[in-house]
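Scroll down for the structure; my scribbles are underneath it.
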Amino acid sequence: MKSSAHCLKIFISISIGIWGIAGCGPRTPSSTSEKERPNFSQIIPPDRVVVSDTLISAGKKTYTQACHACHGGDGMGMPAMQPALVGSERLSNDPYYVIEWVLRGSAMLRGQRSEWPVIMPGHKHLSDQELAAIISYVRAEFGKGASPVSPEMVKLVRDSL
């Protein structure tokens, strides 16, 4: 009789294989949308995006509810499940990509292979305010102090999808 650890190992291997066959994977930031991406700096100058401590606190709470299980409280991810947010260049550099990723989840991968076997759900059900809070928290906490995201920025991306 096989041990439960051996069975789990086989299950994970099969799951990863199926995931690879499905062709999911990361996309380059330049291909995140067929529609033209809004230029945030022309519409909302970065120095005009102000995020309060209340918004960051709300973002931390929402992160704990929606993201903690896979990305961890420290943003280091879960080995062989989900990537670390800490040190992610995409998280700290491109707010459009991050907003789109959180809205669409792994669905934005469109046929490219992923190294991460667990599918991230999209969070379109969250309001622009809630998404701005969570993304601003994550970018500040795990994205090397990257600039915050405003609800207006989230709305622009949501409308472009």
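The values are calculated or read from the model by the stated rules, or taken from the named source; none is laboratory data. Because the structure is predicted, anything quoted here is derived from the model rather than measured. Glycine also receives a Cβ, built like all others from the backbone with ideal geometry; neighbour counts cover every protein chain displayed. Side chains included, ligands, DNA and RNA excluded: accessible areas come from the protein's heavy atoms. Shrake-Rupley method; radii C 1.70, N 1.55, O 1.52, S 1.80 Å.
Can you tell me which residue is nearest to Glu152 (Cα to Cα) among those in the stretch 99-137 that are hydroxyl-bearing (Ser, Thr, Tyr) and modelled with pLDDT of 90 or more? Give the derivation first.
Within the stretch 99-137, the first condition is being hydroxyl-bearing (Ser, Thr, Tyr), and the residues that meet it are 106, 114, 127, 136-137.
Subset that is modelled with pLDDT of 90 or more: 127, 136-137.
Numbers: Ser127: 11, Ser136: 13, Tyr137: 16 Å.
Filtering first and then ranking leaves Ser127.
What residue, of Ser136, Ser147, is assigned to a helix (DSSP H, G or I), among the hydroxyl-bearing types (Ser, Thr, Tyr) and touching a residue at least 24 places away in the same chain (Cβ under 8 Å)?
Ser136
Would you please name the residue that is modelled with the highest pLDDT, looking only at residues in the stretch 35-77 that are of a type in the set (A, V, I, L, M, F, W, C) and open to solvent by 70 Å² or more (accessible area, probe 1.4 Å)?
Step one: list which residues in the stretch 35-77 are of a type in the set (A, V, I, L, M, F, W, C), which gives 40, 43-44, 49-51, 55-56, 58, 66-67, 69-70, 76.
Filter once more, so that each one left must be open to solvent by 70 Å² or more (accessible area, probe 1.4 Å): 43, 50, 69, 76.
On the way: Ile43: 65, Val50: 71, Ala69: 89, Met76: 95.
Per the criteria, the residue is Met76.
I want to confirm something. Restricting to the stretch 84-98 and keeping residues that are open to solvent by less than 40 Å² (accessible area, probe 1.4 Å) and part of a helix (DSSP H, G or I), which single residue is nearest to Leu156 (Cα to Cα)?
My answer is Tyr96.
Which condition breaks for Ser106 when tested against (1) farther than 16 Å from Pro38 by Cβ; (2) open to solvent by 30 Å² or more (accessible area, probe 1.4 Å)?
Going through the list (1) farther than 16 Å from Pro38 by Cβ; (2) open to solvent by 30 Å² or more (accessible area, probe 1.4 Å), Ser106 breaks only (2).
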